[in-house]
């Protein structure tokens, strides 16, 4: 069993399933999923995770709002966050870095390189 638990937050079911399959099957990492920012925040009241993969554009509470809530909570502010986003401008990357986001993975995700991308951002051995 892996000691790495990753929370995948995305409102698109097929994308959540794809990312979950990649991380579990290719890396053996444990995953949790949430289909909204609200579910993400409530899950984290009872679950501990090593990293959060967070979709930026979601209905209701978007990824940036979720990130700000995570940062405002002493229990969650130390969890590394990697943003998943379809549109990344260089200015966005700079803004995300200033906010303290660990990294950005652009959509559409590349299943075969996803594990390596996450590991590289976090400095994990694969």
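Please treat every number below as a calculation from the coordinates, not as lab data. Keep in mind that this is a model prediction, so the values were computed, not measured. As a convention, Cβ positions derive from the backbone with ideal geometry for all residues, glycine included, and neighbour counts pool all protein chains shown.
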* So which residues in segment 63-79 are surrounded by fewer than 17 Cβ atoms within 10 Å (Cβ to Cβ), assigned to a loop (DSSP other than H, G, I, E, B) and in contact with a helix residue (DSSP H, G or I) (Cβ under 7 Å, 6 or more places away or on another chain)? -> 77
* Any hit, segment 91-101, residues being in contact (Cβ under 8 Å) with a residue 12 or more places away in the chain and part of a loop (DSSP other than H, G, I, E, B) -> yes
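Being assigned to a loop (DSSP other than H, G, I, E, B), farther than 13 Å from residue 64 by Cα and in contact with a helix residue (DSSP H, G or I) (Cβ under 9 Å, 6 or more places away or on another chain) is the requirement here; does residue 105 meet it? Can you show your working first?
Working: assigned to a loop (DSSP other than H, G, I, E, B): no; farther than 13 Å from residue 64 by Cα: yes; in contact with a helix residue (DSSP H, G or I) (Cβ under 9 Å, 6 or more places away or on another chain): yes.
When the stated conditions are applied, residue 105 does not pass them.
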* Is it fair to say residue 91 is surrounded by fewer than 16 Cβ atoms within 10 Å (Cβ to Cβ) and under 12 Å from the mean Cα position of the chain (by Cα)? -> no
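Please go through segment 49-62 and pick out each residue that is in a loop (DSSP other than H, G, I, E, B) and touching a strand residue (DSSP E or B) at 6+ places or on another chain (Cβ under 8 Å). Please lay out each step first, then the result.
We begin by selecting, within segment 49-62, every residue in a loop (DSSP other than H, G, I, E, B); these are 49-50, 56-62.
Residues satisfying the conditions are 49, 50, 56, 57, 58.
In the set 57, 106, 36, which member is surrounded by 17 or more Cβ atoms within 10 Å (Cβ to Cβ), under 15 Å from the mean Cα position of the chain (by Cα) and under 21 Å from residue 13 (Cα atoms)?
Details: 57 fails: surrounded by 17 or more Cβ atoms within 10 Å (Cβ to Cβ); 106 fails: surrounded by 17 or more Cβ atoms within 10 Å (Cβ to Cβ).
Answer to the selection: 36.
With respect to residue 88, is the statement that it is in a loop (DSSP other than H, G, I, E, B) and touching a strand residue (DSSP E or B) at 6+ places or on another chain (Cβ under 7 Å) true?
On the way: in a loop (DSSP other than H, G, I, E, B): yes; touching a strand residue (DSSP E or B) at 6+ places or on another chain (Cβ under 7 Å): yes.
Yes.
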* Asked: Among all residue pairs at least 6 apart or on different chains, which show Cβ distances below 6 Å where the first residue, located in segment 2-21, is at negative phi and without any contact (Cβ under 8 Å) to a residue 40 or more places away in the chain and the second is surrounded by 14 or more Cβ atoms within 10 Å (Cβ to Cβ) and part of a loop (DSSP other than H, G, I, E, B)?
  -> 2/29; 16/10
* To do: Among the residues of segment 16-29, write down those that are in contact with a strand residue (DSSP E or B) (Cβ under 8 Å, 6 or more places away or on another chain) and surrounded by 17 or more Cβ atoms within 10 Å (Cβ to Cβ).
  => 16, 19, 20, 23, 29
